[in-house]
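Everything below concerns the one structure shown next.
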Amino acid sequence: MRDLLQVPFLGWGDRGVASLESIDEVIKFYRTTREGLGTRGYKTGRVDLSDARITVLSPTRVLFNVRYRRYKVDGSLLEEGAGIYLMSKSSGRWKMQGNIPQDPAEMGKVH
């Protein structure tokens with residue numbers, strides 16, 4: 001996972017904005033999220049690339065908007081979600097530099 005992340009990493013959710021300054025902080029954030037899902041019976045997740053959207057901001061920055069589903073151990077649907085991932089091209093490779101959770105019903109809408 002370390003090779004996929006870029007710091008500073010921004011997380012923007014209902015509880016505000018967080019800037020994580022080290023890769024270890026980002027991994028801890030995702031580990032905490034994953035452990036919380038485990039208490040709800042989470043087994044695996046799948047990203048739906050069929051309606052993913054990429055907004056190019058510059059040659060080295062894009063927004064990647066994608067929908068996902070999380071499944072329980074028994075194979076039933078746990079939840080659906082969407083997110084906007086801030087991606088930056090660092091050292092010739094695309095890396096995730098932030099995450100904004102999104103209501104999947106709002107994905108792709110422009111008002």
Once label points are set 7 Å from the Cα along Cα→Cβ at both D103 and E79, what is their separation, rounded to one decimal in nm? 1.5 nm
May I ask you to derive the relative contact order of the chain, considering only C-alpha pairs under 8 Å and at least 6 residues apart, and to give it as an integer percent? 25 percent
Which FRET efficiency value, to the nearest 0.05, is calculated for T39 and F64 with the Förster distance at 30 angstrom and r the Cβ-Cβ distance? 0.60
List the extent of the Cα atoms of the stretch 2-105 along each of their three principal axes, largest first, rounded to whole Å. 42, 31, 26
Filtered trypsin sites (Lys or Arg not before Pro), the stretch 58-111: DSSP coil and at most 11 other beta carbons within 10 Å: K109
Can you pull the one-decimal nm distance between simple spin-label points at D51 and K89, each 7 Å off the Cα toward Cβ? 2.9 nm
Quick one: work out the % antiparallel among DSSP beta bridges in the chain, nearest 5. 90 percent
Highest first, please rank the peptides 33-41, 20-28 by the mean number of other Cβ atoms sitting within 10 Å of their residues. 20-28, 33-41
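Every number in this text was worked out from the coordinates using simple rules, so none of it is lab data. Values in this document were obtained by computation on a predicted structure and should not be read as measured data. Quick reminder, even Gly has a Cβ in these numbers, built from the backbone with ideal geometry, and neighbours come from all protein chains shown.
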